[in-house]
């Protein structure tokens with residue numbers, strides 16, 4: 001829970017049958033009520049300024065939540081818990097790997113082709129300032145610049161939502177070379193549910209261009225691409 005600089009994150013005024021517990025408080029004045037398992041500390045987000053609200057491995061949120069009423073998956077569809085307990089917050093840190101590993105490229109910062117498609121913020125749950133919407137176009141495309149220090153085969157993890165009810169495959173090209181003719185983006189339960197698909201891609205040292213092209217069913221809403229080794 002986050003409070004503005006001069007505000008208080010919770011109150012004990014007129015509370016009836018309210019229990020505060022398993023929370024992480026940050027900012028503002030000290031909370032009026034603190035539960036047995038509450039924490040008052042910096043959550044140590046990966047990159048809050050740019051909208052990446054996953055937490056770092058040393059965050060006090062890691063493994064300190066409760067299973068009571070917690071969903072079986074986090075906002076990205078990852079199973080929880082994955083470590084010694086449920087993480088506080090929307091994201092579950094992957095077991096054995098630091099949260100936010102790799103480099104994140106937000107779709108809204110990419111270059112939009114001249115055949116429709118646009119940056120949008122009409123859904124919820126995205127990171128950064130928005131996402132790329134193909135707008136039902138079958139000719140729209142998005143290109144992301146992905147610089148690398150060394151040439152290698154990398155894993156591209158594409159975060160998306162697809163509430164259309166049908167698969168919306170995309171053609172994927174790296175530096176003008178097709179690496180996937182029809183990468184599957186299966187339907188999600190709603191436009192508010194975000195999931196990921198992954199593929200391997202050869203990237204060269206220096207500048208790289210990742211291009212996502214709409215297919216016959218247009219394309220899923222694209223939030224970001226994370227690049228890892």
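Selection of the stretch 166-182 for residues being surrounded by 16 or more Cβ atoms within 10 Å (Cβ to Cβ) and over 25 Å from residue 151 (Cα atoms) yields 168, 169. Just one of (1) in a loop (DSSP other than H, G, I, E, B); (2) at pLDDT below 95 fails for residue 166. It is (2). Only a single item in (1) surrounded by 20 or more Cβ atoms within 10 Å (Cβ to Cβ); (2) closer than 23 Å to residue 220 by Cα; (3) free of Cβ contacts under 8 Å to residues at least 60 places away in the same chain is not met by residue 87, and it is number (2).
Quick one: would you say residue 144 is surrounded by 20 or more Cβ atoms within 10 Å (Cβ to Cβ), assigned to a strand (DSSP E or B) and at pLDDT 95 or above? It is true that residue 144 is surrounded by 20 or more Cβ atoms within 10 Å (Cβ to Cβ), assigned to a strand (DSSP E or B) and at pLDDT 95 or above. Tell me yes or no: at least one residue of the stretch 204-220 is on the phi > 0 side of the Ramachandran plot and in a strand (DSSP E or B). Yes, there is a match, as at least one residue in the stretch 204-220 is on the phi > 0 side of the Ramachandran plot and in a strand (DSSP E or B). Any residue that is touching a helix residue (DSSP H, G or I) at 6+ places or on another chain (Cβ under 7 Å) and touching a residue at least 12 places away in the same chain (Cβ under 8 Å) - is there at least one of those in the stretch 185-196? Checked against the condition, which is being touching a helix residue (DSSP H, G or I) at 6+ places or on another chain (Cβ under 7 Å) and touching a residue at least 12 places away in the same chain (Cβ under 8 Å), the stretch 185-196 yields no hits at all. For the stretch 183-200, check the following and say yes or no: at least one residue is crowded, with 20+ Cβ neighbours inside 10 Å, in contact with a strand residue (DSSP E or B) (Cβ under 7 Å, 6 or more places away or on another chain), assigned to a loop (DSSP other than H, G, I, E, B) and on the phi < 0 side of the Ramachandran plot. Yes. Among the residues of the stretch 1-28, those identified as outside any loop (DSSP other than H, G, I, E, B) and modelled with pLDDT under 75 are 2, 8.
The values are calculated or read from the model by the stated rules, or taken from the named source; none is laboratory data. Remember, it's a predicted structure, so these values are computed and weren't measured experimentally. Backbone-built Cβ (ideal geometry, glycine too); neighbour counts: all protein chains shown.
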